[in-house]
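First comes the structure, then the notes that go with it.
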Amino acid sequence: MSEKRKGPARPVLTSPWVIDTRELGRRPGSSRPVHRTAQADYAIGLEGVIAVPAGADVDLDVLLESVVEGVLVSGVASAQLAGECSRCLDPITDEVEVDITELFAYPLSATVETTDEDEVSRLIDDLIDLEPVVRDAVVLALPHVPLCSPDCAGLCTDCGGKWAELGPNHRHETIDPRWAALQERFQQDDG
């Protein structure tokens, strides 16, 4: 009978998102910079609207600092975004850069003992997994309504043309159905 392991799964060391902290040591005050590029295993964000596409590179530039309760990770993650304008539906590309500050608590530390499992990140076998931290930071930084430009006018609701291409004189004549018979009468008199 196999025993079920409680808690988060062990990170895979071969993943570029996973950092081994054994070289850092546990002496508070020691630090080590880490620069690497990881690939997004899946779209980070809302695919088709705005997201870091699956397979895109995410640049990580972080500092690992040993503190009493664990390893404090601080730095920046950046990646290219792809999506479409919410008003005119044109494809857009942009870059997202997010600040990261996360404490990865040591097993049996006071932080681990006094917080729920999902309230704090944890070191598992001296490994930290940055992917969930970066994912959460990127998703929160994405615009709710991505636009190709701040003044994008969008599409004409009648013909679907882009207002930027239609020009200022573009309009559609709409006739109130109650007056349609009267307009037909005037057109007959002119003809």
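Hey, can you grab everything whose amide H is under 5 Å from the amide H of residue 92? Only 5+ residues off in sequence or another chain; H modelled, so Pro and N-termini drop out. When sequence neighbours closer than 5 places are left aside, the close amide H contacts are 83, 84, 85.
Modelled spin labels at residue 164 and residue 144, positioned 7 Å past Cα toward Cβ, are 2.4 nm from each other. Using a Gaussian network model of the chain in which every pair of alpha carbons under 10 angstrom is joined by a spring, one finds that among 27, 171, 36 the greatest mean-square fluctuation is at 171. Out of these labelled values of semi-axes √(5λ) of the Cα gyration tensor in Å, (i) 57, 18, 14; (ii) 34, 23, 16; (iii) 39, 21, 15, which was calculated from the coordinates shown here? The value computed from this structure is option (i). Here the accessible area is traced with a 1.4 Å probe on the protein chains. For the chain, carbon and sulfur cover 51 percent of it.
Once you sort the root eigenvalues of the Cα gyration tensor of the range 47-138 as a ≥ b ≥ c, which label holds: rounded (a/c under 1.5), prolate (a/b larger than b/c) or oblate (the other case)? Taking the square roots of the gyration eigenvalues as a ≥ b ≥ c, the range 47-138 is prolate.
If R0 equals 25 Å, the separation of the Cβ atoms of residue 80 and residue 14 corresponds to a calculated FRET efficiency of about 0.55.
Taking 0.36 nm per residue of separation and subtracting the Cα-Cα distance, full extension of the segment from residue 184 to residue 136 would add 11.2 nm. Just checking the listed ones, 178, 26, 87: in the Gaussian network model of the chain with Cα springs under 10 Å, the one fluctuating most is 178. Here each label is just a point 7 Å from Cα along the line to Cβ, and for residue 99 and residue 68 those points are 2.5 nm apart.
Take the chain, mark every one of the GluC sites (Glu not before Pro) that falls in a DSSP loop and has at most 12 other Cβ within 10 Å, then report the longest stretch left between them, sites excluded. Display every interim value, and only then the final one.
Values: sites that count: 3, 23, 117, 119, 173.
So the longest stretch without any such site is 24-116.
Could you please report the charge total around residue 18, scoring K, R as +1 and D, E as -1 over all other residues with beta-carbon less than 9 angstrom from its beta-carbon? Can you show the working numbers first?
Working: positive: none; negative: 20, 129, 131.
Result for the local shell: -3.
The values are calculated or read from the model by the stated rules, or taken from the named source; none is laboratory data. Everything numeric here is computed off the predicted structure, so don't read it as measured data. Every residue, glycine among them, receives a Cβ derived from its backbone with ideal geometry; neighbour counts consider all protein chains shown. Just the protein is used for accessible areas: all its heavy atoms, side chains included, with ligands, DNA and RNA removed. Shrake-Rupley method; radii C 1.70, N 1.55, O 1.52, S 1.80 Å.
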